[in-house]
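Everything on this sheet refers to the single structure shown next.
The values are calculated or read from the model by the stated rules, or taken from the named source; none is laboratory data. Note that the coordinates shown come from a computational prediction; the quantities given were computed from them, not determined experimentally. In this analysis, Cβ positions are derived from the backbone assuming ideal geometry, glycine residues included, and neighbour counts consider all displayed protein chains. Each accessible area value is taken on the protein alone, full model and side chains, heavy atoms only, with ligands, DNA and RNA left out. Shrake-Rupley method; radii C 1.70, N 1.55, O 1.52, S 1.80 Å.
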Amino acid sequence: MTDPVLSHVLNYRADFLAGLAQFVAAPSVSTDPAYADGMAQARLFLTHRLTALGFQNAREIAGGGHPAVTAHWHGAGPDAPTLLVYGHYDVQPPDPLDAWSTPPFTLSSRDGRLHARGVSDDKGPMLLAVETLGAFLAVEGRLPCNITLLLEGEEECGSATLGAILRAHRDALRADAVLSADGARWRADLPTMTVATRGNTAMEISVRTASKDLHSGRYGGVARNATHELARLIATLHDEAGNILVPSFHDGVTEPDRAALADIPFDVPAHDAAIGTASGYSTVEFLERLWLRPTLDVNGMWGGYTGPGGKTVIPAETHAKLSMRLVPGQDPARCVDAVTAHLRAHCPPAVTLTVRATRDGTRAYAVPPDHPLLLAAEAALAETTGTHPLRVRMGATLPLAEIVRDALGIDTVMFSFATADEDFHAPNENWRESAIEEGFAAWVALLRRCATAPSPAFAGEGGVGA
C-alpha cells in the first residue's frame, strides 16, 4: 500500500523542481561579500516557503555573521520527540565561470542529472527534507514528531557564528537530536549511513624576500625569489609518499581500526579513472587514507605575475592557502601551531614568514554507534532500498555536528541524498534526479518511525528529553 504522504509529494514533483530552480537562482555565496544580495534572496525564499507550508514563526536569526533561517512545528505534544532538522542555504563560489557547461545559477537537466551551483550541496537535499515535512502537513495536518528547522548560511565558510546562534537561541532550538540533510552519502549504488567525519582547520601563509618585485635580468641570480622560497617550505611538509612530516602534528592520534574497511566494496581503479589520477592504493589503504588519516593540503598558491603573457619579475611576496582534515584526537589549534612551528624552523633567516589562521577549526565527529536516531535512519533505508545500509565514514567535515554537540549537548545523524561524486565545490555541480524519489521515500519512512519513538529515545545531554 502506497503511503499517502509519499504519493502526495511525488505527485508534486514538477512543483518541487520549479521551487528548486528558484532556490538555486539565488547566488548565495557566503564567503564573498559581493554576493550579499544573493544570500538575502535565498533567505527570503526559505522564509516564504516555510510559512506557505504551515510552519510557525519562520524567521532569520543571527550570531554576528550571515543569518540562519528557522521555523518550527511542535504540535505533536510534549511526549513526542523533537528533531532539529538541519540544512544550509549558502553555496561555494562558482569560479572558474568558463569551466561551466551551463550558467551556474540556472537549473538545467542533462543525462539524468540536474546542474547548478548548490543543487547537490545543499539546496536539493535540504529542499527534499522541507517539502517532505510540508507534505505531512498538507495530507495529515500534522507531523509525526515535533520539528524545528535550522537552515544555516555559513556552512561553506566554516560555520563561524553557528555556535553563537545556538547559544543565543538555545531555548528555541532545544531538541533531542539533529537530523541533517547535509553530509552527502558515499555512493548511489550502495546504501550507506555516514557515521563519522573528519575535522578541519585552515591557514594562510606568506613569504617576503624583498620590498618590491624585481627585474629578473638585473637581479636574477642574486635576489631571493619569494615563490621559490615558499615552494621549498611547502615541500618540507610531506615526504615523497605524501606522509606528513610536521612534528607534533599527529599528537593525540591513536592507531585506527582498519578491520571494518576490508568488508566495504570499492573499486579503486574505477575511482582513479573517474578523476584522472592513479593512486595505486589497495581498497583498505585507500579508505584508511580517506577516512582514518589526517591531511595537510595546499589549496592555492600565488605570487608574482599571473596575468596573460609574460612579465619577467622576481616576486617579492608569495602566498598559499593550506587546509587540514583532522581525525579523532587532534585539536585544530594545536595542528595550526605545529605547522606554524615547522614552517618557521625551515624558513631561512633572510625570508619573512607570515602565518594567519583563517578559521577556528572543527574537531572530528562520530555519532554514537547505538544512537536511536541512527538506528531508525538505517531501518528506514533498509525499508526503502531493500538492503541494510553499510556504515561508512566521510573524509570531509560537517562543522554542525561538533558545534551542536558542544552548544546543545545533542548528536547529529546525517541523512543526505547528495552523493560524493556530484562535483560540489567544482564547476558543473550536479545532482542525480533519481535522488528525488529515493530521498522522498526515505524521509517519509524515517519520519514515520520517529512517530513511535518516545521523547527520551533520541535525547542526549542537553536535549529536551534529558
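For this structure, a couple of remarks:
- Residue check: Ala316 meets all listed conditions (1) under 25 Å from the mean Cα position of the chain (by Cα); (2) open to solvent by less than 80 Å² (accessible area, probe 1.4 Å); (3) hydrophobic (A, V, I, L, M, F, W, C) but one, namely (1).
- Subset of region 172-209 that is part of a loop (DSSP other than H, G, I, E, B) and touching a Gly at 6+ places or on another chain (Cβ under 8 Å) - its residue that is surrounded by the fewest Cβ atoms within 10 Å (Cβ to Cβ): Arg174
- Scanning region 38-52 turns up no residue that is in contact (Cβ under 8 Å) with a residue 24 or more places away in the chain, under 24 Å from the mean Cα position of the chain (by Cα) and not in a helix (DSSP H, G or I).
- Members of region 244-270 found to be surrounded by 15 or more Cβ atoms within 10 Å (Cβ to Cβ) and farther than 28 Å from His346 by Cα, listed by number: Leu261, Ile264, Phe266, Val268
- Candidate set: region 233-243, residues that are outside any loop (DSSP other than H, G, I, E, B) and either modelled with pLDDT under 90 or not small (Gly, Ala, Ser) (or both); chosen: the one most open to solvent (accessible area, probe 1.4 Å): His238
- Applying the criterion of being in contact (Cβ under 8 Å) with a residue 12 or more places away in the chain, open to solvent by 10 Å² or more (accessible area, probe 1.4 Å) and assigned to a loop (DSSP other than H, G, I, E, B) to the residues of region 127-144, the residue that is nearest to Ala445 (Cα to Cα) is Pro144.
- A residue that is farther than 30 Å from Asp421 by Cα and open to solvent by less than 20 Å² (accessible area, probe 1.4 Å) occurs nowhere in region 210-221.
- Single residue of region 1-31 satisfying the filter (of a type in the set (Val, Ile, Thr) and part of a loop (DSSP other than H, G, I, E, B)) that is nearest to Leu143 (Cα to Cα): Thr2
- Any chance Leu107 is of a type in the set (A, V, I, L, M) and open to solvent by 30 Å² or more (accessible area, probe 1.4 Å): yes
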